[in-house]
Protein chains: 2
Amino acid sequence: MAVGKGELPEFQVINGVRIGVAKAGIKYPDRKDLVVFELAEGCTSAGVFTKNAFCAAPVVLSKQNLASSSPRYLLINTGNANAGTGTQGMNDALQCCQALAELTQVAHTTILPFSTGVIGETLPVNSIIKGLPDALSALNEAAWADAAEGIMTTDTRPKGASKVLDIAGHRISISGVSKGAGMIMPNMATMLGFVATDAKIEQGLLQEILTDCAGLSFNRITIDGDTSTNDSCILVATGKSDAPELKRGTVELAQFTTALKALFVELAQAIVRDGEGATKFVSVIVESAKSQQEALDVAYTVAHSPLVKTALFACDPNWGRILAAVGRAGVNELDLDAIIIHLDEVCIVSNGGRDAEYTEEKGQQVMNREEITIRIQLGRGRASETIWTTDLSREYVTINAEYRS
Amino acid sequence: MAVGKGELPEFQVINGVRIGVAKAGIKYPDRKDLVVFELAEGCTSAGVFTKNAFCAAPVVLSKQNLASSSPRYLLINTGNANAGTGTQGMNDALQCCQALAELTQVAHTTILPFSTGVIGETLPVNSIIKGLPDALSALNEAAWADAAEGIMTTDTRPKGASKVLDIAGHRISISGVSKGAGMIMPNMATMLGFVATDAKIEQGLLQEILTDCAGLSFNRITIDGDTSTNDSCILVATGKSDAPELKRGTVELAQFTTALKALFVELAQAIVRDGEGATKFVSVIVESAKSQQEALDVAYTVAHSPLVKTALFACDPNWGRILAAVGRAGVNELDLDAIIIHLDEVCIVSNGGRDAEYTEEKGQQVMNREEITIRIQLGRGRASETIWTTDLSREYVTINAEYRS
């Protein structure tokens, strides 16, 4: 199940980035499961990674390598997360990087490894190493759609977004892919997002931009509240467009980051739309909160409530469950009479109870929609936050009872 | 679905407490849905109530009345929670109390009302008032099993516990009933628990004892993390046994509270065993944490993880999901290598990864059991906590997609 069509866009080529995809037989035969991104010399790269304390071996190594050198390759495998694998996991990730470094004649510290799939099993290093020559010989600027497919696990469809900007008369392109369908409550970024642009941006600034963009996109989605051990998101700027370098505080940078944020939100929302067992795409907006944290607390409490999620699955306008979730979100001295809750355009709660104008028919009309906005006004401040989530279906349980993630 | 047999005990009569149950047709015809507890003059009573900010009208009124007088009647209806009903809900709850007060010739402030069922619909006051004479004419000391049945909603079976103690040569009895199967993460108590003893205990002390007992029982269970708007637990001491008053700091009181705590745990666990769609009864024990709060944070993160819960449903020894949940519980500076995790007697995680002795067969053996303990040693302090929970099954989704709570 998935919400909406979710077709891939026509990807813009990013000058300076080539992509090679291979079938390495890591978990399943005949499946694209190995992806190599080649980054031209002179690219800047930034990354955000999971805050799960049990972060996977490739995450540890990618963070180290990103801090110490300018990445030349991203090496991604699906079918195995190389997480919870202790010292051997670190050695395995390193061995894969070294094999790719040897084939491409770069330092192994310029390679960032990423893994996704089952936790706690040994990485099939040999399969990955055997697949590398195929991936390298496939390197191609136009393989973004292949990359979107090559990083999928329980995803039912590939996810990507692409944009061309005209900034002060110069053409700048951005393309990105993402994956994820379960174990989704990214805490810095999701597993996985790869975005590249041909803009020229200095590394420190690029990292700031990425942290901002991930904060408002990948860090605002939740499917099941389970933060993965492998979440990673990488942003690369190749500097190969003819546009001048984007610098801090300029109109050009603002124009670029606005577009980049929109692209990140698109990629993050694509993950929610393809959430495991999802039949609804739900925006939870909390307004007039005292602080951002308070708004997020309320939004996540509603988004994680199994009772709210099953009501959404059932198309049941069960506003009492939303109200109960708001009430248990831990907000101090909540004034119940000040709270207003809408389902799309229909006011469901005001003055501490069901809105006087509300009818079951109006609620039912909204709940039958595939995309729904729950808007909660707390009436106590100026902060607001938006997050995106799904319903909870029998299919979610089936997928996670049968799939070993 | 439910775990284990869960048969009702043989209830001890509590001298000073009579119970009357009626079929008032509140939501369904021909169903025991109205319960009256009559408490003799001179009883002491204590209560703990939901911390959900949207607490229901009967909770507000019960708290008020308990604070201002010695309760003579508990009035409980199922089929309607009278929550999210604003001012009308308060008037409705009051009207029911007034009707019972008139029939029994007591002050209406000595009546504590409790409601459970669908949120946000108007309380059918007339049905309740019409049912009162039947309930009163049924008043009987031996009707505890009827009470257990009369407070059920989505529960698949009634829940009760009963004990006789010999304290310094005197016989003291305790009996109690509880209900709840969904919207269960009590925050003070669960919806609903009623416990009575014929011991004599002064009101202030009784409240302390109840708060302690509820803290270690009803406040340590979770089915879906959703704290109800109506959670309430009442403890009554009739003082009708021939035992002397139980006083603070005595061996007799310690003996009594030990037994009472065990009875509370039994009632709380009965709710988990009958959790909506439950096929497993799971104890999550966190040991060697730095603080109680840290131990609880880790325990609840594991207990609420949809991925851990669906793996339990699938009998899949997917220890990677437990590890990922521990990792995202927000514990600062967690030393991964110090963590040890057991499934029952099988060590699954040590030294930051899968335990060297672990085999899939050993894990599978444990996961096939109906009752499982997940024991997590953090290796960083002396605090420990235990909570109880269930798996997440397709049946849970079905129940909550179809039932309007």
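Of everything in the stretch B:90-139 that's closer than 21 Å to residue B:71 by Cβ and of a type in the set (D, E, K, R), which residue is farthest from the chain's Cα centre (by Cα)? Checked the stretch B:90-139; the qualifying residue farthest from the chain's Cα centre (by Cα) is B:102. Within the stretch A:43-66, the set of residues being within 14 Å of chain B (Cβ to nearest Cβ) and in a loop (DSSP other than H, G, I, E, B) comprises A:50, A:51, A:52, A:53, A:54, A:55, A:56.
Every residue, every condition in (1) over 23 Å from residue B:392 (Cα atoms); (2) touching a residue at least 40 places away in the same chain (Cβ under 8 Å), yes or no:
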residue: A:305; (1), (2): no, no
residue: A:325; (1), (2): no, no
residue: A:336; (1), (2): yes, no
residue: A:352; (1), (2): yes, no
residue: A:372; (1), (2): yes, yes
residue: A:389; (1), (2): no, yes
residue: A:392; (1), (2): no, yes
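The set of residues from the stretch B:312-324 being among the aliphatic types (A, V, I, L, M) and at the interface with chain A (Cβ under 7 Å from one of its Cβ atoms) comprises B:314, B:323, B:324.
Of everything in the stretch B:349-374, what is out of contact with any Leu (no Cβ under 8 Å at 6 or more places or on another chain), part of a strand (DSSP E or B) and under 30 Å from residue A:305 (Cβ atoms)? Give them in sequence order.
B:371
Here the stretch A:168-188 is the region considered, the condition is being at negative phi and either within 14 Å of another protein chain (Cβ to nearest Cβ) or out of contact with any Ser or Thr (no Cβ under 9 Å at 6 or more places or on another chain) (or both), and the residue that is modelled with the lowest pLDDT is A:187. Could you please let me know if residue B:148 is assigned by TED's automatic domain parsing to the domain that holds residue B:90, under 17 Å from residue B:74 (Cα atoms) and assigned to a loop (DSSP other than H, G, I, E, B)? In short, no. Filtering A:260, A:296 for residues that are under 23 Å from residue A:148 (Cβ atoms) and of a type outside the set (Ser, Thr, Tyr) leaves a single hit, A:260. Checked against the criterion of being in a helix (DSSP H, G or I), surrounded by fewer than 17 Cβ atoms within 10 Å (Cβ to Cβ) and away from every other protein chain (no Cβ under 12 Å), the stretch B:67-78 contains one or more residues that satisfy it. If you check B:227, B:211, B:279, B:301 for being closer than 30 Å to residue A:395 by Cβ, polar (S, T, N, Q) and assigned to a helix (DSSP H, G or I), only one passes: B:301. Kindly evaluate residue A:272 against the criterion of being β-branched (Val, Ile, Thr), in contact (Cβ under 8 Å) with a residue 12 or more places away in the chain and more than 14 Å from chain B (Cβ to nearest Cβ). Against the criterion (β-branched (Val, Ile, Thr), in contact (Cβ under 8 Å) with a residue 12 or more places away in the chain and more than 14 Å from chain B (Cβ to nearest Cβ)), residue A:272 qualifies.
So if I check each of A:131, A:150, A:117, which one is within 14 Å of another protein chain (Cβ to nearest Cβ) and out of contact with any Cys (no Cβ under 8 Å at 6 or more places or on another chain)? Criteria check complete, one pass: A:117.
Only one of the listed residues (A:122, A:156, A:211) is surrounded by fewer than 17 Cβ atoms within 10 Å (Cβ to Cβ), at pLDDT below 90 and polar (S, T, N, Q). That residue is A:156. On inspection, residue B:368 qualifies as surrounded by fewer than 17 Cβ atoms within 10 Å (Cβ to Cβ) and either hydroxyl-bearing (Ser, Thr, Tyr) or on the phi < 0 side of the Ramachandran plot (or both).
May I ask you to verify whether residue A:60 is in the same structural domain as residue A:113 (by TED's automatic domain parsing) and crowded, with 24+ Cβ neighbours inside 10 Å? Judged against the criteria, residue A:60 is not a match.
Can you go through A:168, A:93, A:143, A:161 and tell me which one is crowded, with 20+ Cβ neighbours inside 10 Å, farther than 21 Å from residue A:43 by Cα and of a type outside the set (Asp, Glu)? After applying the criteria, what remains is A:93. For the stretch A:101-119, a tally of residues being out of contact with any Phe, Trp or Tyr (no Cβ under 6 Å at 6 or more places or on another chain), in contact (Cβ under 8 Å) with a residue 24 or more places away in the chain and either surrounded by 22 or more Cβ atoms within 10 Å (Cβ to Cβ) or not in a helix (DSSP H, G or I) (or both) returns 10. All of (1) assigned to a loop (DSSP other than H, G, I, E, B); (2) buried (at least 19 other Cβ atoms within 10 Å of the Cβ) hold for residue A:323 with one exception: (1). The listed residues are A:287, A:294, and the only one of them that is charged (D, E, K, R), within 30 Å of residue A:333 (Cβ to Cβ), surrounded by fewer than 24 Cβ atoms within 10 Å (Cβ to Cβ) and in contact with a helix residue (DSSP H, G or I) (Cβ under 8 Å, 6 or more places away or on another chain) turns out to be A:287.
The values are calculated or read from the model by the stated rules, or taken from the named source; none is laboratory data. What you see is a predicted model; the values in this text were computed from it and never measured. Every residue, glycine as well, gets a Cβ built from its backbone with ideal geometry; the counts of neighbours run over all protein chains shown.
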